[in-house]
Amino acid sequence: MDRLQQELLKRLKARENEGSLRSLKYTSGLIDFTSNDYLGLARSEELFYAIQQKLDAQRFKSNGATGSRLLAGNNSYYEEVESMLAGIFQAPAALIFNSGYSANLAVLSSLPQRGDTILYDELAHACIKDGARLSMAKRFSFHHNDLNDLEAKLKRAEGKIFIAVESIYSMDGDACPLHDLVTLAEKYDAFIIVDEAHSTGVVGERGSGLAVSLKLHDKIAIRVYTFGKAMGIHGACVAGSDVLRSYLINFARPFIYTTALPPHSIAAVDCAFRYLQVNIQLQEQLKQNIQLYKKAVQNLPNRTDSNSAIQTAVYPGNALVRKVANALQQQGLDVRPILSPTVPKGTERLRICLHAFNSVSEIEQLTEALKSFQLVAH
Ligand SMILES: Cc1ncc(COP(=O)(O)O)c(C=O)c1O
């Protein structure tokens, strides 16, 4: 075995020893409490056929974009869908990215310059942190949702200041205090970047997310919306001013140096938002399921507080949380463990995603199982 293989194996072995080795698995036939398909759009046959119809009717019969948007990859359909998105997210403009990962990378790496400061929530998604690492600006994290800690850091920040947060946090499902954050940002003349990955589709008229539903959108300079979660498809967009859109087209490397999404994906974005508009009751069904779940687990001491589709139950230690997840899976419930180092040691947890399509009996089966494991775990 050559030296590189040996080195790689050593690192994999270390992961295995700490119980955090990742591997790809199939799941089939289990009750879905793990996917980000909060509204069931990914599994909707009606949407599947609507996308197929849209593709059949397309003027552009092309299997791929054939280049970056700046080369051969652009067409008028892309821009029509971007106008629709700008309307939904109540922004002057929207720019589509290949994924939420690349949208956040684009924003964080291209907007803040040398001499500027990025302040990001410590629980922000990896792509926000990776984007900040690629920027020449100074970067500091602040304690999760702690505006006092953020203010202490704002006082010391230099240059233009960017504050990066998520509207709903991906691990715990808790919300960012957006109203207070906007007030604080105004005080320090800072620009907010909000990642709405887990609120796109789920919240607001036409799935417009948290900032729009709180009527704060005009106060937030840069908003990232992703389509791979509640919208059930793939891709993302950044919503903001026309100048922001032009700037990203010119300076955002994850936009410039990649093949654009294929026409299929653009048709999927178009159809998914239209589908949601006429099936907006899915948001209400999801809300009812969240209420049902929360009521059933209200006495569980290891749950964390969240009003969103993402709920958690902490089982400290990789071994324990894995054991509980495996036992749930054996009962037919697809619940996954979140291990350290993804979350800090001692806070390993089950991440439970609720969906509009989960039935009352499925939710009861899950909550009963969680209560019985509570006795075993403590
Ligand atoms: C908060 C957050 N932002 C961004 C992303 C990345 O989005 P995408 O899956 O579209 O790349 C995720 C996905 O895990 C996420 O949870």
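The values are calculated or read from the model by the stated rules, or taken from the named source; none is laboratory data. Only a predicted model underlies this, so the values are computations on that prediction, with no experimental measurement involved. Note: ideal-geometry Cβ built from the backbone for every residue, glycine included; neighbour counts use all protein chains shown.
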Original post:
For the range 307-353, list the strands (runs of 3 or more DSSP E) that sit wholly inside it and hold at least 3 residues that are closer than 15 Å to LYS371 by Cα; which are they?
Top reply: 310-314, 349-353
**OP:** Can you tell me which residue within the range 31-48, out of those that are part of a loop (DSSP other than H, G, I, E, B), of a type outside the set (A, V, I, L, M, F, W, C) and within 17 Å of ALA325 (Cα to Cα), is farthest from the chain's Cα centre (by Cα)?
**Re:** THR34
Subject >> Count of residues meeting criterion [without any contact (Cβ under 8 Å) to a residue 12 or more places away in the chain and either in a loop (DSSP other than H, G, I, E, B) or within 12 Å of the ligand (Cβ to nearest atom) (or both)] in the range 210-224 >> reply: 1
**OP:** Take the range 188-206 and flag every residue that is more than 16 Å from the ligand (Cβ to nearest atom) and either within 20 Å of LEU108 (Cα to Cα) or free of Cβ contacts under 8 Å to residues at least 24 places away in the same chain (or both).
**Re:** TYR188, ASP189, ALA190, PHE191, GLY204
Original post:
Does PHE273 qualify as being part of a helix (DSSP H, G or I), touching a strand residue (DSSP E or B) at 6+ places or on another chain (Cβ under 9 Å) and over 30 Å from ARG349 (Cα atoms)?
Top reply: no
Original post:
Does the range 70-92 contain at least one residue that is of a type in the set (D, E, K, R), in contact with a strand residue (DSSP E or B) (Cβ under 8 Å, 6 or more places away or on another chain), in contact (Cβ under 8 Å) with a residue 60 or more places away in the chain and assigned by TED's automatic domain parsing to the domain that holds ASP195?
Top reply: yes
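Okay, residues lined up against (1) at pLDDT below 95; (2) surrounded by 24 or more Cβ atoms within 10 Å (Cβ to Cβ):
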| residue | (1), (2) |
| --- | --- |
| GLN311 | no, yes |
| GLY317 | yes, no |
| VAL321 | yes, yes |
| ASN326 | yes, no |
| SER340 | yes, no |
| PRO344 | yes, no |
| THR347 | yes, no |
| LEU354 | no, yes |
**OP:** Sort out which residues of the range 87-139 are surrounded by fewer than 19 Cβ atoms within 10 Å (Cβ to Cβ), assigned to a loop (DSSP other than H, G, I, E, B) and more than 16 Å from the ligand (Cβ to nearest atom), and write them in order of number.
**Re:** GLN90, PRO92, GLN113, ARG114, GLY115, MET136
**OP:** Run down ALA272, ALA369, ALA296 and say which single residue is surrounded by 13 or more Cβ atoms within 10 Å (Cβ to Cβ) and closer than 30 Å to LYS54 by Cα.
**Re:** ALA272
**OP:** For residues that are among the hydroxyl-bearing types (Ser, Thr, Tyr) and either away from the ligand (no atom under 15 Å from the Cβ) or without any contact (Cβ under 8 Å) to a residue 12 or more places away in the chain (or both), scanning just the range 225-253, find the one that is farthest from ALA268 (Cα to Cα).
**Re:** TYR247
Original post:
In this structure, does TYR225 turn out to be of a type in the set (Phe, Trp, Tyr), surrounded by fewer than 18 Cβ atoms within 10 Å (Cβ to Cβ) and not assigned by TED's automatic domain parsing to the domain that holds HIS355?
Top reply: no
Subject >> Test for TYR315: is it in contact with a strand residue (DSSP E or B) (Cβ under 7 Å, 6 or more places away or on another chain), farther than 26 Å from LEU12 by Cα and not assigned by TED's automatic domain parsing to the domain that holds GLU166 >> reply: no
**OP:** Mind listing whichever residues of the range 172-187 are in a loop (DSSP other than H, G, I, E, B) and surrounded by fewer than 20 Cβ atoms within 10 Å (Cβ to Cβ)?
**Re:** ASP174, PRO177
Original post:
Which residue pairs have Cβ atoms closer than 6 Å, lie 6 or more positions apart in sequence or on different chains, and pair a first residue in the range 122-140 that is without any contact (Cβ under 8 Å) to a residue 60 or more places away in the chain with a second residue that is charged (D, E, K, R) and part of a helix (DSSP H, G or I)?
Top reply: PHE140/LYS153
